[in-house]
Amino acid sequence: MGGAQDSSFRYPCSVIELRDVSKTFKSPSGERLTVLEGLSFSLPAGLSAAIEGPSGSGKSTLLALLAGLDQPSAGQVKVAGQDLGGLGESELSRFRAQNLGFVFQAFHLLQHFSALQNVVIAAEIAGLKEPLKAAREALSRVGLEGRVEHLPGQLSGGECQRVAIARAIVAKPKILLCDEPTGSLDRVNASKIFELLLELHKDLGSTLLLVTHDPHLAERLDRQLFLEQGRLVEGAA
């Protein structure tokens, strides 16, 4: 790693672009806490990148900004050519459904719905014409065609994450955002899930942005971005 990332650093045909982005929060005591400061980077369409850094360095906050789930205190966030700062809540919801897929460490599945129902809901939100067919195809793509009627409580951790991935890819999003997707799994299942994400990234042609604490996984992606105390420092191109 080297010094601070050059704020003028740009790639052509960027699908993700941050310009001088900062994020501050107000603590219960009234103190202003800076979580991200002066972040600028671009990621071309179709590439993969890992975001690494210690706990509290702002990794999850960065993903929330890219997803339009939060707004920066300063700077500009552009995703898939869209300035997220110019969208209202309903427009942001529609934009997320049509352009982004999310995979989280904790799965966030609806516990009283089957694997198929969890994915169908995502397909319906995305406005797909045949949500049931799309959901079955997505579950088949992650190797769960024989488990579609099972509830999350009847599935292993690795299978639950596969359902979450199917939900994320059902609308064939331009961008996959993954926040520690292997963090709650054992080593064997973590490796399988990571390989699945790489396979889907290539098959779908999606841009993949993945938060991880595992440097061995990060090294297999096209770029590595390092966050330290809310600042971006150089990673491998």
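None of the figures in this text is laboratory data; all of them are computed from the coordinates on show. On a predicted model such as this, the values are computed, not experimentally measured, just so you know. Reconstructed Cβ throughout: ideal geometry from the backbone, glycine too, with neighbour counts over all protein chains shown.
Across region 148-162, in residue order, what do the Karplus-derived ³J(HN,Hα) couplings come to in whole Hz, using 6.51 cos²θ - 1.76 cosθ + 1.60 with θ = phi - 60° and x for Gly and Pro?
Taking θ as phi minus 60°, the curve returns 5, 8, 7, 7, x, x, 9, 10, 6, x, x, 5, 4, 5, 5 Hz for region 148-162.
So if I restrict to the alpha-carbon atoms in region 167-207, what is the Rg, and what is Dmax, the biggest pairwise distance, in Å?
10.6, 29
Taking only DSSP H segments of four or more residues, each worth -39500 (n - 2.57), what value at 222 nm results for the chain once the sum is divided by all its residues, to the nearest 500 deg cm²/dmol? Display every interim value, and only then the final one.
Numbers: 7 runs with 76 residues, N = 237.
That calculation yields -9500 deg cm²/dmol at 222 nm.
Can you give me the distance in nm between label points at Gln98 and Asp222, each placed 7 Å from the Cα along the Cα-to-Cβ direction?
Reported label-point gap for Gln98 and Asp222 is 2.4 nm.
At each listed q (0.08, 0.14, 0.17 Å⁻¹), what is the log10 of I(q)/I(0) that the Debye formula gives for the chain modelled as equal alpha-carbon point scatterers?
The computed values of log10 I(q)/I(0) come out as -0.29, -0.90, -1.27.
Which angle between 0 and 90 degrees, to the nearest 10, do you get for helix 89-99 versus the longest principal axis of the chain when only C-alpha atoms count?
70 degrees
From the C-alpha coordinates alone, can you work out the Kirkwood hydrodynamic radius of region 135-237, in Å? Present the calculation step by step, with values, prior to reporting the outcome.
Values: mean 1/r = 0.0683 Å⁻¹.
Mean inverse Cα-Cα distance, inverted, gives 14.6 Å.
Let me spell out the model: positive unit charges on the Cβ of Lys and Arg, negative unit charges on the Cβ of Asp and Glu, origin at the Cα centre of the chain. What dipole size does that give, in debye rounded to 20? Numbers along the way, then the final one.
Working: 24 positive and 27 negative charges, 82 e Å.
Using only the charged Cβ atoms, the result is roughly 400 debye.
Counting only C-alpha contacts under 8 Å and six or more residues apart, can you give the relative contact order of region 12-65 as a whole percent? All intermediate terms of the calculation are to be shown ahead of the outcome.
Details: 70 pairs, mean separation 18.8, N = 54.
Contact order relative to length: 35 percent.
With unit charges on the beta carbon (Lys/Arg positive, Asp/Glu negative), name the residue among His108, Thr212, Pro173 whose Cα is farthest towards the positive pole of the charge dipole of region 94-228.
Pro173
Compare Gly68, Gly53, Gly143 in a GNM of the chain, Cα atoms joined below 10 Å, and give the one with the largest fluctuation.
Looking only at Gly68, Gly53, Gly143, the biggest GNM fluctuation is shown by Gly143.
Count the lysine pairs in the chain that are 8 or more places apart or on different chains: how many have C-alpha atoms under 26 angstrom apart?
25
Considering the dipole of region 126-237 built from charges on the beta carbon (Lys and Arg +1, Asp and Glu -1) around the Cα centre, which of Gly127, Val233, Pro152 is farthest to its positive end?
Of the listed residues, the answer is Gly127.
For the chain, find the longest principal axis of its Cα atoms and tell me its angle to the long axis of helix 115-125, 0 to 90°, nearest 10.
With both axes taken from Cα atoms, the answer is about 60 degrees.
Please give the helix 131-141 orientation as an angle from the longest Cα principal axis of the chain, in degrees from 0 to 90, rounded to the nearest 10.
The angle comes out near 80 degrees.
Amide H neighbours of Ser48 under 5 Å, at least 5 residues apart or on other chains, H built in the peptide plane: list them.
For Ser48, whose amide H was placed from the backbone, the distant partners under 5 Å are Leu208, Asp222, Arg223.
What percent do you get for the relative contact order of region 74-136 when only Cα pairs under 8 Å and 6+ apart count? Could you put the intermediate results ahead of the total?
Working: 30 pairs, mean separation 13.6, N = 63.
22 percent.
Rule-of-thumb check for region 53-98: C-alpha Rg over 2.2 N^0.38 Å? Please list the in-between numbers first.
On the way: Rg = 11.3 Å, N = 46, 2.2 N^0.38 = 9.4 Å.
Region 53-98 yields a ratio of 1.20.
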